[in-house]
Amino acid sequence: MAKVKVAKVSEVPEGELKKVMVGKEPDALFYVGGQIYATTKICTHAQCDLDQNHLMHGEEVECTCHGSQFNVKTGKNTAPPASEPLKTFDVSVEGDEVFVEVQ
Ligand code: FES
């Protein structure tokens, strides 16, 4: 496990998706309800990039390619056609810096 600095808190817009690099992998941060969450950003249905194809509904992110939804806190797929969750990462905040735990 390694802790990777990915952004400053002030760079993560509330209620929106922020693309970040976790090591060499592009992932997504979400600032929802005063907390920051991290997930993979490739839809598990047909691999659309959520960074380019999404709408936010509170703590749900919708993939606008075919309408799948995922809970950004848990990664769980909450609306079809996706049948698999997004991967999530542990996030910690120290001062204004956001860290993500990677394997
Ligand atoms: S690729 Fe996301 S819903 Fe189909």
Next on the checklist: Checking the structure you have, find out if any residue of the stretch 60-79 is more than 11 Å from the ligand (Cβ to nearest atom) and either exposed (fewer than 14 other Cβ atoms within 10 Å of the Cβ) or of a type in the set (Asp, Glu) (or both).
Outcome noted: yes
Item to check | Filtered residues of the stretch 33-47 (kept if buried (at least 19 other Cβ atoms within 10 Å of the Cβ) and either modelled with pLDDT under 95 or of a type outside the set (Ser, Thr, Tyr) (or both)) | outcome: Ile36, Ala38, Lys41, Ile42, Cys43
Checklist entry - Across the stretch 30-59, what is the number of residues that are of a type outside the set (S, T, N, Q), part of a strand (DSSP E or B), more than 10 Å from the ligand (Cβ to nearest atom) and touching an Asp or Glu at 6+ places or on another chain (Cβ under 9 Å)? => result 7
Item to check | Within the stretch 31-72, tally of residues that are hydroxyl-bearing (Ser, Thr, Tyr), without any contact (Cβ under 8 Å) to a residue 24 or more places away in the chain and either closer than 29 Å to Glu97 by Cβ or in contact with a Lys or Arg (Cβ under 7 Å, 6 or more places away or on another chain) (or both) | outcome: 1
Checklist outcome for this item: Matching residues in the stretch 80-89 (in contact with a Cys (Cβ under 9 Å, 6 or more places away or on another chain), over 22 Å from Val4 (Cβ atoms) and more than 10 Å from the ligand (Cβ to nearest atom)) number 0
Checklist entry - Restricting the search to the stretch 1-31, which residues are over 19 Å from Ser68 (Cα atoms) and among the hydrophobic types (A, V, I, L, M, F, W, C)? => result Met1, Ala2, Val4, Val6, Ala7, Val9, Val12, Val20, Met21, Val22
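The values are calculated or read from the model by the stated rules, or taken from the named source; none is laboratory data. Just so it is clear, the model here is predicted, and its values are computed rather than measured. Because the Cβ atoms are built from the backbone with ideal geometry, glycine has one as well, and the counts that use them run over all protein chains shown.
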